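Novice: Questions regarding the structure given below will be posed in turn.
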Amino acid sequence: MKPIRMLARSIRDAFKSVIRNFSLSLASISCITITLIIVAVAIIASFNVQNFTKEIEKDLTIVVFLEQEATSSDIKDVETEIKQMDNVDTYSFQSKQDVKKQMQQESEVFNTVLSNWEDDESPLKDTYQVKVKDVTKIGKTADQIKEIENVSVVRYGEGMVEKLVSAFDSIQKVTYGIVIALILVTIFLIVNTIKLTISARKREISIMRLVGASNFTIKTPFIVEGMILGALGSVVPILITLFGYTAFYTHFNGYLFSQLIQLIKPEPFIYSTSLIILVIGIIVGTVGSASAVKKYLKI
């Protein structure tokens, strides 16, 4: 019961301290708010880049052209070997007749040309469209498919795909790095801001020492105060995330620049992001307070 009473008293004293030192508390909250707004924007951008990357990767397809003279038995054998590959996720077969119909529907020119060709005269080939589990290994998988008997040509956008995957990977690492850097900057700013707050209250701490207060008793209210400041500092960034991102998504109809770049739907994305921002605010407030008390007051 005693630890619970001590914790309750620390929470009460922390709230009183925030109100009593309102100007210094406001400075800390403002510092947290500004940096968390930037963190929120970086997080939203990071998740959207990751989502865009996944959508593009899902569309990456290996097109396998079979030999012109491949029989139905040969086609089945090719399917069996493709199915057994570890990196193959899904695949679908398209006969030369299906390819012909599709091309005729897509273009009047193709329709005119292909309508004059009989099936035995058509240069079109039976194909398999293969999607992989790991796009970073798409080249290796394509090379394995090339070795299958009765496979004529394999195409997957070689060269360009590897550059695209590498670019997406670099963008993700940069956005993650920015988020981490901003969090570290936030902690640094909060430590220095709370340092000023604590320095202004040295007399209060000296009195607590004189009356025999333990280090834990002295530090706990400051740590709880840091948690409160962190939570209060995350309010505005959370509101911007909830309403700002929803308005942004609605304004652009869910796409950025073109339908190729699809934004994440607001719900439940804005709620999970808001929770992340709140947790970051509380953590940096707690770490900032604890570091300031430990390093600068030498309790």
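The values are calculated or read from the model by the stated rules, or taken from the named source; none is laboratory data. Note that the structure is predicted; figures quoted are calculated from it, not measured. Note: ideal-geometry Cβ built from the backbone for every residue, glycine included; neighbour counts use all protein chains shown. Remember, those area values only see protein heavy atoms, side chains included, never the ligands or the DNA or RNA. Shrake-Rupley method; radii C 1.70, N 1.55, O 1.52, S 1.80 Å.
Novice: Could you count how many residues in the range 57-87 are in contact with a strand residue (DSSP E or B) (Cβ under 7 Å, 6 or more places away or on another chain), open to solvent by less than 30 Å² (accessible area, probe 1.4 Å), farther than 30 Å from Gln172 by Cβ and not in a helix (DSSP H, G or I)?
Specialist: Qualifying residue count for the region: 1.
Novice: For Asp134, which of the numbered conditions (1) of a type outside the set (A, V, I, L, M); (2) modelled with pLDDT under 70; (3) over 30 Å from Gln68 (Cβ atoms) fails to hold?
Specialist: (2)
Novice: Among the residues of the range 51-69, is any within 29 Å of the chain's Cα centre (by Cα) and farther than 30 Å from Pro266 by Cα?
Specialist: yes
Novice: OK, next. Working only within the range 225-271, note down all residues that are more than 21 Å from Ile283 (Cβ to Cβ), open to solvent by less than 60 Å² (accessible area, probe 1.4 Å) and part of a loop (DSSP other than H, G, I, E, B).
Specialist: Within the range 225-271, Gly254, Leu263, Ile264 qualify.
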